[in-house]
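Structure first, commentary second.
The values are calculated or read from the model by the stated rules, or taken from the named source; none is laboratory data. What you see is a predicted model, and the numbers here were worked out from it, not measured in a lab. Virtual Cβ from ideal backbone geometry, glycine too; neighbours counted across all protein chains shown. Side chains included, ligands, DNA and RNA excluded: accessible areas come from the protein's heavy atoms. Shrake-Rupley method; radii C 1.70, N 1.55, O 1.52, S 1.80 Å.
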Amino acid sequence: MRALRMVPSVLLLVLVLSGALYARRFRGGRNSQQQQQRRAPPSPTHRGDTTESFPLDFTAVEDNMDNFMTQVKNLAQSLYPCSAQKLDHDMKLNFLLNTSVTCNDGSPAGYYLKESRGSKRWLIFLEGGWYCFNKENCESRYETMRRLMSSSKWPQTKRGAGILSPLPEENPHWWNANMVFVPYCSSDVWSGAAAKTEQSGYAFMGSLIIQEVVKDLLSKGLDTARVLLLAGSSAGGTGVLLNVDRVSELLGELGYAAIQVRGLSDSGWFLDNKQYHCTDCVDAANCTPTETIKRGIKYWGSVVPERCKETHEGEEWNCFFGYRVFPSIKSPVFVVQWLFDEAQLTVDNIQLTGQPVQEGQWRYIQNLGIELRNTLKDVPAMFAPACLSHEVITRSYWIDVQVKGTSLPRALHCWDRSLHDSRNNKAPPKACPVHLIDNCPWPHCNPTCPTIRDQFTGQEMNVIQFLMHMGFDVQKMAQQQGMDPSKLLGMLSSGS
């Protein structure tokens, strides 16, 4: 019982330590002024505009954050051994109230929710997982990836990672938000609005599922939210681009226009480029992206953003490609995209199967990075590392990847701050970048890229080993760059 009496002391200690970090972060002239501005009372004419809460910014101590949080948690646990209650970090399964909106096979669609009492910030995450575009390859998908077409075997709980993590050391700026994970079971890039028919064999209701999730959450606290971040990876990232304005419009129609709707698209910025070599269009992995989408939007009964539809009337498939739909989106959107995305390379028929790539493939891969950079140059808020990978925001290592010295969580926090300041007619925060793109020209030239492992041995590879494995010719590249080969190797080793 003594331990129970000490709990308030532990909580006080956590608050004091956190407060010390907060003071350290904002000590001094300009930052102190910003801190006072955040404490100012809200203006009666702007509901919530000046009261948007931000979790403690631990950026100043990122290097020893793990050690700090570990000590706090160990201390709390050692002083609280009598409790049978543990912090519940799991998201719990809820099925939609509207049972007419279903997964592909007619089973109920749903979402996982972890509430954060008192938080006015909500994060709804759309899962990814390719798609199917006719009855034949949908039947094949149902046999091999049923979890992505049916809810029949969904677990009752799910633990979040990356931006869905409730742990501040893994998720320093969104850990205390209300977390919602929406499983992907519609196989339509979150665009469909078609009921099951005898001809199609399946329902495609991705767009409707999102709408129903938002409606259900209003009775669970979303009605008092200040910020709703619609996030997604891969097909879910494309789903964000297709649906973020629709979510904003829905909330406005229901009387919640004050909720600030934003988008976070991860690994969903695909190109409708020419494949390295053409193959028969059998499934989503080897057809040209344009061909699969052209077939899919008819099969799915897809709904695309109205402004994009008007721009590309009769060719609505264009709206599934980030650089084509982005100019028509009204809501603020942050784009996260690997410059050498593995899914993009797959649909372009570049197979990195362990064999050194040919010179033509190597040029194609480098040109892909150039093309992606060109399509992203006018996106105001983005994070694009020169890495060979796919998806990142729900990976535990998302905090480690940096572009020009800035981590992805830090960039997202800067984006939050800039949007908040913009609404209040303030200048954007200094030394807080939101447009981050690598300039180096080949895969994994960024030393903070995720670890690559040899597909056969499972051993980690450093940058030089990886590039050699890819068929990288140091002598030839050095000659092209006009430098000594040993100097180039030194630059690669150091990540320059």
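Taking a sphere under 11 Å around the Cβ of Ser152 and counting the other residues whose Cβ falls inside, with K and R at +1 and D and E at -1, yields a net charge of +2. Protein heavy-atom surface of the stretch 88-446, 1.4 angstrom probe: 49% of the accessible area is carbon and sulfur, with nucleic acids and ligands not counted. Distance between the C-alpha centres of the stretch 141-166 and the stretch 371-431: 27 Å, rounded to the whole angstrom.
Over 22 Å apart at the Cα level, from the set Lys114/Lys215; Lys196/Lys294; Lys92/Lys135; Lys330/Lys404, are Lys92/Lys135; Lys330/Lys404. Net charge dipole, the stretch 88-446: roughly 1040 debye, given to the nearest 20, about the Cα centre with Cβ charges of +1 for Lys and Arg and -1 for Asp and Glu. Ligands, DNA and RNA aside, Met205 has an accessible area near 10 Å² when probed at 1.4 Å.
For Phe125, the residues whose amide H sits under 5 Å from its own are Val180, Phe181, Val182, Ala231, ignoring neighbours fewer than 5 places away on the same chain, with H placed 1.01 Å from N. For Ser407, nonlocal amide neighbours, meaning residues 5 or more places apart or on other chains whose placed amide H falls under 5 Å from its own, do not occur. Sequentially through the stretch 183-200, phi angles give Karplus couplings (6.51, -1.76, 1.60; θ = phi - 60°) of x, 8, 9, 10, 6, 10, 6, 6, 10, x, 9, 10, 6, 5, 10, 5, 6, 7 Hz, Gly and Pro residues having no value and appearing as x. Charge dipole (Cα centre; +1 on Lys/Arg Cβ, -1 on Asp/Glu Cβ; no other charges) of the stretch 110-249 amounts to roughly 400 debye. Ligands, DNA and RNA are left out, and with a 1.4 angstrom probe the accessible area of the stretch 104-191 is 35 Å² per residue. Spatially, the stretch 104-119 and the stretch 176-216 are offset by 12 Å when compared through their Cα centroids. For the residues Lys215, Lys404, a 1.4 Å probe over the protein chains yields an accessible-area ranking, largest first, of Lys404, Lys215.
Here Val336 sits with roughly 0 square angstrom of accessible surface, probe radius 1.4 Å.
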